[in-house]
Amino acid sequence: MIIVVMGVTGAGKTAVGRLLAEELRWEFADGDDFHPAANVERMRRGAPLSDDVRRPWLETLREEISQRDAEGRNLVLACSALKKNYRTILAVSEAVKFVYLKGEPAQIAERLRMRRGHFADEKILAAQFADLEEPENAVVADIAATPQEIVSQTPKEIRDITNRGDCLTRELDRNLESAVVSRLMWRLMPFLFLLYIVAYLDRINVSFAILQMREPLHLIDRVYGRAAGIFFAGYFFFQVPSNMVLEKSWSAALEFAA
């Protein structure tokens, strides 16, 4: 699984991400470390990054996530992922989950004023809030809580979201399976009915053949009546149950094929 801890600058992505990785015993990566030097220099000057400038950075992160996902390696990634289309680029599979660190501009601005040695300032913060498109399917954590409190709750909430998604997927699979079986049954019904009619007509032909052979074989009424009784008793006791068995076998085969 890949957990992307997202939010604007100053929300605490790196602090929460590192703690969460330690708690889960996963690897940690900071999205800022993947920025080229030119991007960092732009942000030092207080110049916001445009979508075109961010695109190569996002593609690099996507490659990193895809590699970890393909190798089955768990990762916590700190990344702003401000816009919906940014998150679409990063969400390479269902294994990617987002944790959104939510806070008020004034609250985060105060944090930035207290921070030393980071390239972001309040101008960058304002631009990021302008770009921010809050996620719909993510674990939302209020940054008023401490990083330890956020981390203690996050794994449980991620499991809850994953379980709800799995339940929805299983329900959709069951509905699809029922629809496929029903459609196949309705399409096969005329064919099966035709086969039944052909088989029934064949039995009638056998009966006529016996009637025609009655005279050459010199069958008396008693022998002919017993033969007819045996024929219809055999049909009732053997053919009808065999039809029921075939019906159940067809249904099982159709369910297996679906």
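Rule-based calculations on the coordinates, nothing more; no lab input. Computed from a predicted structure; not experimentally measured. Note that each Cβ is placed from the backbone with ideal geometry, even for glycine, and that neighbours are counted across all protein chains shown.
Taking 0.36 nm per residue of sequence separation and subtracting the Cα-Cα distance, how much length would be gained by fully extending the chain between THR60 and GLU110, in nm to one decimal?
Full extension from THR60 to GLU110 adds 14.9 nm.
Which FRET efficiency value, to the nearest 0.05, is calculated for ASP142 and GLU41 with the Förster distance at 30 angstrom and r the Cβ-Cβ distance?
0.35
Per-residue HN-Hα couplings for segment 72-78, Karplus 6.51 cos²θ - 1.76 cosθ + 1.60 at θ = phi - 60°, whole Hz, x for Gly and Pro?
x, 9, 6, 8, 10, 10, 8
Excluding PRO56 itself, calculate the net charge of residues whose Cβ lies under 14 Å from the Cβ of PRO56, where each Lys or Arg counts +1 and each Asp or Glu counts -1.
Residues close to PRO56 contribute a combined charge of -1.
In whole Hz and in residue order, list the ³J(HN,Hα) couplings for segment 141-151 that follow from phi through the Karplus curve 6.51 cos²θ - 1.76 cosθ + 1.60, θ = phi - 60°; x for Gly and Pro.
Karplus-based 3J(HN,Hα) across segment 141-151 equals 10, 7, 6, 5, 6, 6, x, 5, 5, 4, 5 Hz.
Taking H as built 1.01 Å from N, whose amide H comes closer than 5 Å to the amide H of LYS97, not counting residues under 5 places away?
Excluding prolines and chain starts, which carry no amide H, the hits are ILE2, ILE3, VAL4.
Quick query: amide H of VAL140 versus all other amide H atoms, modeled in the peptide plane; which residues come in under 5 Å with a sequence gap of 5 or more or a different chain?
Counting only residues 5 or more places away or on other chains, the set is TYR100.
Using θ = phi - 60° and the Karplus curve 6.51 cos²θ - 1.76 cosθ + 1.60, what whole-Hz ³J(HN,Hα) does each residue of segment 22-39 get, with Gly and Pro shown as x?
Each residue of segment 22-39 in turn: 5, 5, 8, 6, 10, 7, 10, 9, 9, x, 4, 5, 9, 5, x, 4, 5, 5 Hz.
Show the residues, 5+ positions off or on another chain, whose built amide H is closer than 5 Å to the amide H of PHE28.
Under 5 Å from the amide H of PHE28: VAL76.
In straight Cα distance, which lysines are under 25 Å from LYS123, not counting same-chain residues fewer than 8 positions off?
LYS13, LYS83, LYS84, LYS102
Which whole number of Å³ per residue matches the convex hull of the alpha-carbon atoms in segment 2-144?
106 Å³
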